[in-house]
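Below: one structure, written as structure tokens.
Nothing in this text is a laboratory measurement; each read-out follows from the coordinates by a stated rule. Only a predicted model underlies this, so the values are computations on that prediction, with no experimental measurement involved. Glycine gets a Cβ as well: all are built from the backbone with ideal geometry, and neighbour counts include every protein chain shown.
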Amino acid sequence: MIFSNLSIFFKVHARSARRLLDLCCSNRGTYIKVGQHLGALKYLLPPEYTSTLSVLHSRAPSTPLPDVLHIIQEELGKKTSELFVQFEETPLGAASLAQVHRAVLWDGRMVAVKVQHPKVRQQSSRDIMIMEVLLRIVKKVFPQFEFMWLVEEAKKNLPRELDFLNEARNAEKMADMVRKFPFLKIPKIHWDISTERVLVMEYVEGGQANDLDYMKRNNIDVDKAQEIRSNAAAYLPQISQLLASVPRQMLLLLKTNDLLRGIETTLGTNANASSFLCMSRCCVQAIARHHRKTASSLWSYTYISISEWLRLGQLQLYELLLWAHSSSLGQRLIYLVHWISHSLY
């Protein structure tokens with residue numbers, strides 16, 4: 001009986017997830033953006049939702065080619081044939097706000113052309129307002145429903161995401177940050193043919209971080225993903241500075257760690273606590289830095305700094321205990337401490 005009820009439960013989830021996917025695809029724009037967020041919440045939502053909505057990250061509905069060509073001409077003042085010797089009709093990928101086409105400039109350089117979907121900018125404010133009303137109604141019926149933050153995040157971040165020049169500036173800042181790492185590649189921006197709605201950048205061949213088939217085809221050692229994870233975690237403070245603030249520190253921590261676990265599971269690599277500990281330190285420091293900016297007195301400033309020091313000390317102690325538990329030397333030290341304590345009594 002219990003298994004029968006669970007089966008029905010899973011079927012209802014799967015049906016609802018498909019309906020939600022259809023809703024996002026039919027309304028497009030902001031709805032797909034929210035669907036992408038939901039598809040990444042593997043630690044909060046049932047797997048039926050996350051697996052169904054995950055297609056929105058790279059396989060969202062695309063804009064027909066004539067509309068794409070019209071937007072390029074409208075933004076750059078030239079026909080596509082004047083800008084590119086070749087422009088692939090089929091997009092490499094499509095997401096909530098834009099899609100990417102591969103093209104070749106007249107000087108022979110291959111580029112990726114990111115084109116914003118038509119009307120998404122005009123409709124974004126209306127879509128957010130409708131979603132806010134619907135979510136408030138749901139919250140009245142189900143008080144435990146805690147997804148209003150999705151609307152707040154969309155209100156704040158969507159205008160930035162719709163400005164591709166802002167994305168280009170961030171790409172250059174990120175390229176400067178990781179310039180010492182030869183295995184990391186940030187595409188160069190073609191500023192002369194980029195606008196708020198069209199972004200042209202260097203085309204770089206690559207695959208997704210969890211694409212095991214791609215790694216096998218290109219003889220990439222999946223265990224080297226640990227180096228990438230460690231470096232990404234170590235650079236979180238700089239990434240936080242680039243983003244100016246970390247408004248939802250724990251959400252950042254959980255989503256990033258959930259992404260690492262997903263990559264590890266797909267690639268079959270061993271989980272490692274070092275990246276999680278590093279991210280925890282970054283989040284503790286980010287929160288303390290934010291609180292110090294709003295401290296009203298010297299006492300408050302000092303209290304925040306001491307609290308930060310204590311939390312970092314707890315993480316250091318936890319890391320030491322993990323090392324002691326996993327290493328042979330640590331296990332011998334633990335055995336020695338136990339032996340000494342028993343000898344004393």
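Structure above, values below:
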item	result
Restricting the range 127-209 to GluC sites (Glu not before Pro) in coil, as DSSP defines it, with at most 15 other Cβ within 10 Å	E146, E196, E205
Calculated FRET value between L165 and I8, using beta carbons and R₀ = 51 Å, to 0.05	0.50
Loop-resident sites, the range 36-131, for GluC sites (Glu not before Pro), counting at most 15 other Cβ within 10 Å (DSSP)	E88, E89
Sparse-neighbourhood loop sites, chymotrypsin sites (Phe, Trp or Tyr not before Pro) in the range 6-115 - DSSP loop, at most 13 other Cβ within 10 angstrom	Y43, W106
Likely footprinting exposure, D127, D176, fewest C-beta neighbours within 10 Å first	D176, D127
Pairs of Cα atoms farther than 18 Å apart, the range 87-226, %	69
Cross-link pairs beyond the 21 Å C-alpha cut-off, checked among K114/K216; K119/K155; K33/K180	K114/K216; K33/K180
Residue order, fewest to most surrounding Cβ atoms within 10 angstrom, among I130, I193, I32, I306	I306, I130, I193, I32
